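See below for the structure under consideration.
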Amino acid sequence: MKMPDDDIRAIVAETLAGQHKLQQESIDAIVLKTVASVLASFGIEDDDRKEVRADFQHLRRWRKSVEQAQSYTFKAVITVLATGLMGAVWLGVKVVLGN
């Protein structure tokens, strides 16, 4: 009894899909175990997830505020330098026109 080619292809495709699903599940389990062991080596247990998340959110807010402060500081320095340069030019023009 000979099977049609379409049936053989369907069986092979189904088998390969099943193997791929098993491999993906295995990879996911390995990654999850690896990440958990790395976090545990840093002293972060599974029960601490909410606290760790809050800590990271706090660090992100702090980093963004520092970046914003640096931006404002840079703008202030540029403004002071530009104002000083304009004042020097103004005084130079005033001295030249005064003579």
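So here's what we get for this one:
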read-out	value
For Leu39: the one exception among (1) open to solvent by 100 Å² or more (accessible area, probe 1.4 Å); (2) under 31 Å from the mean Cα position of the chain (by Cα)	(1)
Residue tally, condition among the aliphatic types (A, V, I, L, M) and open to solvent by 80 Å² or more (accessible area, probe 1.4 Å), over the stretch 1-21	4
Residue in the stretch 45-62 that is outside any helix (DSSP H, G or I) and surrounded by fewer than 10 Cβ atoms within 10 Å (Cβ to Cβ) present	no
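The values are calculated or read from the model by the stated rules, or taken from the named source; none is laboratory data. Since the structure is predicted, the reported quantities are computational estimates derived from the model, not experimental observations. As a convention, Cβ positions derive from the backbone with ideal geometry for all residues, glycine included, and neighbour counts pool all protein chains shown. Heavy atoms of the whole protein, side chains included, go into the accessibility calculation; ligands, DNA and RNA do not. Shrake-Rupley method; radii C 1.70, N 1.55, O 1.52, S 1.80 Å.
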